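Structure, as structure tokens:
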Amino acid sequence: MADSGILYVVATPIGNLGDITARALEVLTEVDVVASEDTRVARKLFNRYEIETPLIAYHDHNEAEQSVKLIKRLQGGDSIALISDAGTPLINDPGYVIVKNCQAAGIKVVPIPGASAVITALCAAGVATDQFYYGGFLPAKTKARCDILAGLLEREYCSVYYESTHRILASLNDIQATLGTERHIVIARELTKTFETIKGGPVGDIIEWITADHHQQKGEFVVIISGAPKVSALDDKSKALLVTLLAHLPPKVAAGIVADTFGLKKKEVYQFGLSLS
């Protein structure tokens, strides 16, 4: 539809209003209307940057109804910006319905990237982030929460969840009970705000620390659970054979023989062989 407007999905700051991008400000100023999860929160941002674009509410309770109205406006040529109360829309925030409907109707959807609590926490957590799982909020009930956490017992990459003030201690206790006192976690609290805190360590230590300081139990949390420690598949017999072969053969050849003999991954055997030199 050549005459349709554009839906811009715009990331906004998660705390510090200075984190808005120049491109986001340009879009918010130039569109015909901004659909906001919380217009009161949006108004603070608009007042800071003197944005006068009209605001309308778009949230979980009116998403279906508002999507229909907004699609009609887009089809009529209006351009619309979609924002959440903080961070990137659709990432645990409303927006899926209108984006899906725009795609189905052939209306152009343009993402305007920016702040996201998940990415902000990960980049300062000090854990391996080449692969990670994002699970939104952990369940409110203990059994359901522990069922989710049990799935992390052997997961070798980190998992990221949101948690609230009222459940942070309960969730930390369930992490300890399910994954053990020594599982490394990071909690990132009030990111980009005045009382930002990023604290990592064994979950048992984190529980002691947060219990001792009631102030650290307040705010919005990102909880990062490190992956399970990797366990080598090499046993004493395979290691002994590798040591013997390395005395006579190049590392790659020796690793290949050991891997074939014991049904192991050649790369893992090779890396272990290198560690012996």
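The values are calculated or read from the model by the stated rules, or taken from the named source; none is laboratory data. Note that the coordinates shown come from a computational prediction; the quantities given were computed from them, not determined experimentally. Reconstructed Cβ throughout: ideal geometry from the backbone, glycine too, with neighbour counts over all protein chains shown.
General remarks:
Let's see how each residue does on (1) of a type in the set (A, V, I, L, M); (2) at pLDDT 95 or above; (3) over 21 Å from the mean Cα position of the chain (by Cα):
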{"position": "Val68", "(1), (2), (3)": "yes, yes, yes"}
{"position": "Gly106", "(1), (2), (3)": "no, yes, yes"}
{"position": "Ser116", "(1), (2), (3)": "no, yes, no"}
{"position": "Ala128", "(1), (2), (3)": "yes, no, no"}
{"position": "Glu156", "(1), (2), (3)": "no, no, no"}
{"position": "Ile175", "(1), (2), (3)": "yes, yes, no"}
{"position": "Thr178", "(1), (2), (3)": "no, yes, yes"}
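- Meets criteria (charged (D, E, K, R), surrounded by 15 or more Cβ atoms within 10 Å (Cβ to Cβ) and either at pLDDT below 95 or closer than 30 Å to Gly273 by Cα (or both)) for Arg183: yes
- Members of region 197-215 found to be touching a residue at least 40 places away in the same chain (Cβ under 8 Å) and either under 20 Å from Val127 (Cβ atoms) or within 20 Å of the chain's Cα centre (by Cα) (or both), listed by number: Ile198, Gly200, Ile210
Listed here are the residues, each with its yes/no results for (1) of a type outside the set (Val, Ile, Thr); (2) touching a Pro at 6+ places or on another chain (Cβ under 9 Å); (3) exposed (fewer than 13 other Cβ atoms within 10 Å of the Cβ).
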residue	(1), (2), (3)
Ala86	yes, yes, no
Leu90	yes, no, no
Val99	no, yes, no
Val110	no, no, yes
Ala115	yes, yes, no
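- Some residue of region 78-89 being outside any strand (DSSP E or B) and over 30 Å from Ile185 (Cα atoms): yes
- Search result, residues across region 34-52 that are of a type in the set (Val, Ile, Thr) and under 16 Å from Pro89 (Cα atoms): Val34, Thr39, Val41
- Flag not set for Ser238, criterion: buried (at least 18 other Cβ atoms within 10 Å of the Cβ), under 30 Å from the mean Cα position of the chain (by Cα) and part of a helix (DSSP H, G or I).
- Tally of residues being in a loop (DSSP other than H, G, I, E, B) and surrounded by 18 or more Cβ atoms within 10 Å (Cβ to Cβ) across region 117-126: 1
- Residue check for Thr142: surrounded by fewer than 20 Cβ atoms within 10 Å (Cβ to Cβ), modelled with pLDDT under 95 and closer than 26 Å to Ile207 by Cβ: no
- Restricted to region 38-60, and to residues there that are in contact with a Pro (Cβ under 9 Å, 6 or more places away or on another chain) and not hydrophobic (A, V, I, L, M, F, W, C), the residue that is farthest from Leu25 (Cα to Cα) is Asp60.
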